[in-house]
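What follows is a single structure, written as structure tokens, with notes after it.
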Amino acid sequence: MNGDGAESEAVESRLSSGETAPIRVLHVDDDPAFGDLTAARLARTDGDGGPIRVESVTEPDAALDRLDDADCVVSDFEMPETDGLDLLDAVRDRRPDLPFVLFTGKGSEEIASRAISAGVTDYLRKGGSADRFDVLANRIRNAVARYRAEREAERRETHLRRVVDVLPECIFVKDAAGRYVLVNRAGAETYGMTPEAVEGCLDRDILPPEDAERFREEDREILASGEPTYRPEQRRRTEDGSLIVERVQKLPFDLAPSGEGVLGVVEDITDEHFRRRRREAALSAVGDAESALAEARTADGEAAADAHDRCANALERVRTLLSNGGPLDDDSSANDSTDEDSPDVGE
């Protein structure tokens, strides 16, 4: 967020440790006496969110220089060289989410409508009952509480992003509609995309239709049952037809307040799969060599020569299998696009 200074970072540190930080209000009013009154009355109010500390200025330009240290701006509407809505525009350019309360004695439905359209956080008339400052304090506390909660959520999301982005596995979260709300760098790179490009997409936006439908059905089952699933070997195809083998675990994930979602952890085990297939083929070739050697011991003439040739061919195949990587030329499993027999958790 733009405009956060060292003091703002200190406030975040206190908030994360459970300490209640004071609410720092920047009050802009061309009447210095009313500024002093507002500061004194707000300082005496009680409520959640810590004490309210007010800095009053009479010039809008001076207010713009002090935004880094503010949790909320309270501004008059009519001032000699500008008005509160022009100041709001300038504040939004620097700190788009900073709470801004229009506290004015020149209120009207027209001004209120303009203020709401301009994105003011709240609007309050100066006149009226003696508890007007209590109402103002309450609205400031509510606005700052929302602002701080949003910043804390942003801080936690940033921290989570840093953690998941260093993991080699694909980590993703989808909402109940199947839309990606989070994917780490490794997961996005699986599709040749960035996390920002994947987030907001559905599977059908980035995967072949058959894979997208299969994964969507899996997610529906998880959300309906509330139970995790585990697939030791899930297979899919890339655009060029290459086989990808993945180890997949999915489980229900609370996306409060929006509802339930699905958390997935996907590990690419394609190389491991083909290494295992090559080891299995190499052991089979060793068995062929042993059989040929056994025949050669009791054979003679042409039969012995044939047995020796079969043994040499088997040993050459073992050497080839163990020295190369990737799929086997005759690996029939490379034609499988799914692994329907992979057990779920608990089976």
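The values are calculated or read from the model by the stated rules, or taken from the named source; none is laboratory data. Small disclaimer: the values here were computed from a predicted structure and weren't measured. Note: ideal-geometry Cβ built from the backbone for every residue, glycine included; neighbour counts use all protein chains shown.
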Select from region 91-106 the residues that are out of contact with any Gly (no Cβ under 8 Å at 6 or more places or on another chain) and not hydrophobic (A, V, I, L, M, F, W, C) and write down the one among them that is surrounded by the most Cβ atoms within 10 Å (Cβ to Cβ). 99
Of the conditions (1) in contact with a His (Cβ under 9 Å, 6 or more places away or on another chain); (2) in a helix (DSSP H, G or I), residue 103 clears all except one; give me its number. (2)
Search region 218-247 for residues that are closer than 23 Å to residue 176 by Cβ and in the same structural domain as residue 276 (by TED's automatic domain parsing) and pair each with any residue that is aromatic (Phe, Trp, Tyr) and not in a helix (DSSP H, G or I) when their beta-carbon atoms are under 9 Å apart and the residues are at least 6 apart or on different chains. none
Name, by its number, the condition in (1) outside any strand (DSSP E or B); (2) more than 17 Å from residue 123 (Cβ to Cβ); (3) charged (D, E, K, R) that does not hold for residue 53. (1)
For residues that are among the β-branched types (Val, Ile, Thr) and within 17 Å of residue 249 (Cα to Cα), scanning just region 169-190, find the one that is surrounded by the most Cβ atoms within 10 Å (Cβ to Cβ). 183
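For residue 44, indicate whether it is touching a strand residue (DSSP E or B) at 6+ places or on another chain (Cβ under 8 Å), surrounded by fewer than 19 Cβ atoms within 10 Å (Cβ to Cβ) and either of a type in the set (A, V, I, L, M) or under 27 Å from residue 131 (Cα atoms) (or both). Break it down stepwise before answering.
Details: touching a strand residue (DSSP E or B) at 6+ places or on another chain (Cβ under 8 Å): no; surrounded by fewer than 19 Cβ atoms within 10 Å (Cβ to Cβ): yes; either of a type in the set (A, V, I, L, M) or under 27 Å from residue 131 (Cα atoms) (or both): yes.
Against the criterion (touching a strand residue (DSSP E or B) at 6+ places or on another chain (Cβ under 8 Å), surrounded by fewer than 19 Cβ atoms within 10 Å (Cβ to Cβ) and either of a type in the set (A, V, I, L, M) or under 27 Å from residue 131 (Cα atoms) (or both)), residue 44 does not qualify.
Considering only residues of region 58-77 that are in a helix (DSSP H, G or I) and among the small types (Gly, Ala, Ser), which is surrounded by the most Cβ atoms within 10 Å (Cβ to Cβ)? Give the steps one after another, and end with the answer.
Here is the first cut: in region 58-77, the residues in a helix (DSSP H, G or I) are 60-64, 67-69.
Narrowing the set further to residues that are among the small types (Gly, Ala, Ser) leaves 62-63.
Numbers: 62: 12, 63: 21.
The extreme case among them is 63.
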